[in-house]
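The values are calculated or read from the model by the stated rules, or taken from the named source; none is laboratory data. Quick caveat: nothing in here was measured; it's all calculated off a predicted structure. Positions of Cβ are generated from backbone atoms using ideal geometry, with glycine treated the same way; all protein chains shown enter the neighbour counts. Accessible surface areas use protein heavy atoms only, side chains included; no ligands, DNA or RNA. Shrake-Rupley method; radii C 1.70, N 1.55, O 1.52, S 1.80 Å.
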Amino acid sequence: MAIALTDSIKWVGVNDRLTHLFESLWPLPRGVAYNSYVINDDKTVVVDALKPLSPTAYLEDIREVLGSGRDLDYLVVNHMEPDHSGGVQLLKEAFPEMQILANKRTTKFLREFYGLEDCVKEMADGETLSLGNHELKFVLTPMVHWPETMMTFETTTGTLFAGDAFGAFGALDGGIFDDEIDIDSLEDEIRRYFANIVGKYSKNVLRALDKLADAQVQTIASTHGPVWRSNPKRIIEMYESMSRHEGENGVLLVFGSMYGNTQRMAEAVAEGVREGGIIDICVRDVSRTNVSYLLRDAWKYKGIALGAPTHDQKLFPLMADFVKFLENKGLGNRVAGVFGSYGWSGGAVDRLVEVAYGNNWNLVKPVVEACCTPSKDDLQNCHLLGRTIAQELTA
Ligand code: FEO
């Protein structure tokens, strides 16, 4: 059912509580929302076309907002990932006269994904379009999250249709606005969404924020998560901080352990962190924790400690997966420590050191590598490693 942002701007989005893995990668225990909006003016517009889980209901909502007999003039495609463009063909079939407002880069995707070309009206960066009483301004924000991503700013109400930016995992439970939702309890899902989806493009998010600095934004209408009408500053500040890779003064400690030896080292490192005066310590077993949550917590904490054994002459495979994701996401600005163990060949710790240097982390000493089972000296060194991480964080 449509929900009013204003008399003329309505939300016609949908909660997805069926999909288990977003992009077939990221768990959705709380679901996810795909937001879509209708502006009803002299000209009529849908902004963002969503993944049509219930096509009939979606079209009914749009028709109800448009009013009897009114046609849809425009569809704004801010982003082509199919969770937002999946409904493009549906809308084109329902409203054959509809034009698609997009930018030059979007045109190629529309052709390649959906065979649509003639109905596209390309909008340049900064170009405006009057709808009657409302005015849309198109702001190109490439690589937040794909090359064609843009935002659409409705200038008379200050509504920013932001695409993936400022989004969150989590369906909208009973209300769509930030003042209708317990945002504190959603923070983890905002951070996880950022770390999993947008974090790799942090520099582009900061560029977009710079570009929007002079816009009088009153409401942020993202494609996922709440509509921020009461406190848009909260999500802007959170995104800015995450994009700068700032992080809280705590430590994420991720370990892998086949027979408990590396786990003993992990416990000693965690104790060392606490001895050094940091009590916000999050210890995670890489074999039991989905990488989506590990990435979230890596983004949350400024300190990171990684420990794993050698397996088949290489880094323990699940840790190898996690650090590959970390490298790909490009998370920087971290105080790091690494440790591990081996039986008949090394390899794990060398790879962890490589990851730390590759991501420009501040890798503190000692690097601890135990043979088979950690000795007393090894465990003392693990304590020292934990204390050193804490000292660097509190310096
Ligand atoms: Fe929500 Fe990049 O799509």
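In the range 69-87, the condition of being out of contact with any strand residue (DSSP E or B) (no Cβ under 9 Å at 6 or more places or on another chain) and open to solvent by 50 Å² or more (accessible area, probe 1.4 Å) is met by at least one residue.
Just so you know, in the range 201-226 the residues that are hydrophobic (A, V, I, L, M, F, W, C) and within 16 Å of the ligand (Cβ to nearest atom) include one that is nearest to the chain's Cα centre (by Cα), and it is Val205.
Residue count for the range 259-289 satisfying the condition of being out of contact with any His (no Cβ under 9 Å at 6 or more places or on another chain), farther than 20 Å from Ala348 by Cα and open to solvent by 20 Å² or more (accessible area, probe 1.4 Å): 6.
Please enumerate the residues belonging to the range 130-178 that are on the phi > 0 side of the Ramachandran plot and within 20 Å of the chain's Cα centre (by Cα).
Result: Met143, Gly163, Phe166, Gly170.
Among residues of the range 91-107 that are at negative phi, those with a Cβ under 6 angstrom from a residue that is assigned to a helix (DSSP H, G or I), sequence gap 6+ or separate chain, pair up as Ala94/Leu59.
Would you point out which residue out of Glu117, Glu112 is at pLDDT below 95, more than 17 Å from Asn40 (Cα to Cα) and not polar (S, T, N, Q)?
Details: Glu112 fails: at pLDDT below 95.
None of the other options fit; the residue is Glu117.
Give me the residue from the range 119-136 that is of a type in the set (A, V, I, L, M) and open to solvent by 20 Å² or more (accessible area, probe 1.4 Å) and, out of that set, nearest to the ligand (Cβ to nearest atom). Looking at the filtered set, the residue picked out is Val120.
I'd like the full set of residues that are away from the ligand (no atom under 12 Å from the Cβ) and either at pLDDT below 95 or under 19 Å from Met242 (Cα atoms) (or both), limited to the range 142-158. Lay out the reasoning, then the answer.
Keep residues of the range 142-158 that are away from the ligand (no atom under 12 Å from the Cβ), which gives 142, 150-158.
Matches in the range 142-158: Pro142 only.
Of everything in the range 16-53 that's open to solvent by 60 Å² or more (accessible area, probe 1.4 Å), more than 29 Å from Thr157 (Cα to Cα) and of a type outside the set (A, V, I, L, M, F, W, C), which residue is nearest to the chain's Cα centre (by Cα)? Result: Glu23.
Assigned to a loop (DSSP other than H, G, I, E, B), touching a residue at least 24 places away in the same chain (Cβ under 8 Å) and more than 16 Å from the ligand (Cβ to nearest atom), is that true of Leu18? Taking the combined requirement at face value, the residue satisfies it. Taking every residue in the range 171-189 that is closer than 20 Å to Thr223 by Cβ and pairing it with any residue that is among the β-branched types (Val, Ile, Thr), at least 6 positions away or on another chain, the pairs with Cβ-Cβ distances below 6 Å are Gly175/Ile181; Ile176/Ile3; Ile176/Val227; Phe177/Val227. Annotation note: of Leu110, Leu66, Leu91, Leu116, the sole residue that is open to solvent by less than 20 Å² (accessible area, probe 1.4 Å), more than 25 Å from Gly31 (Cβ to Cβ) and away from the ligand (no atom under 16 Å from the Cβ) is Leu66.
Looking at this structure, is Lys10 open to solvent by 10 Å² or more (accessible area, probe 1.4 Å) and part of a strand (DSSP E or B)? Yes.
The set of residues in the range 137-158 that are touching a Phe, Trp or Tyr at 6+ places or on another chain (Cβ under 8 Å), surrounded by fewer than 19 Cβ atoms within 10 Å (Cβ to Cβ) and within 17 Å of Glu127 (Cβ to Cβ) contains only Lys137. You will find that of Phe161, Phe177, the residue that is away from the ligand (no atom under 11 Å from the Cβ), at pLDDT 95 or above, surrounded by 21 or more Cβ atoms within 10 Å (Cβ to Cβ) and under 18 Å from Ile236 (Cα atoms) is Phe161 and no other.
Arg191 falls short on exactly one of the conditions (1) within 24 Å of Lys104 (Cβ to Cβ); (2) in a helix (DSSP H, G or I); (3) more than 12 Å from the ligand (Cβ to nearest atom), and that condition is (1).
Of the residues making up the range 94-107, those that are farther than 19 Å from Pro142 by Cβ and either within 16 Å of the ligand (Cβ to nearest atom) or not aromatic (Phe, Trp, Tyr) (or both) number 5. Per the listing Leu212, Leu206, the residue uniquely among the aliphatic types (A, V, I, L, M), open to solvent by 10 Å² or more (accessible area, probe 1.4 Å), on the phi < 0 side of the Ramachandran plot and out of contact with any Asp or Glu (no Cβ under 9 Å at 6 or more places or on another chain) is Leu212.
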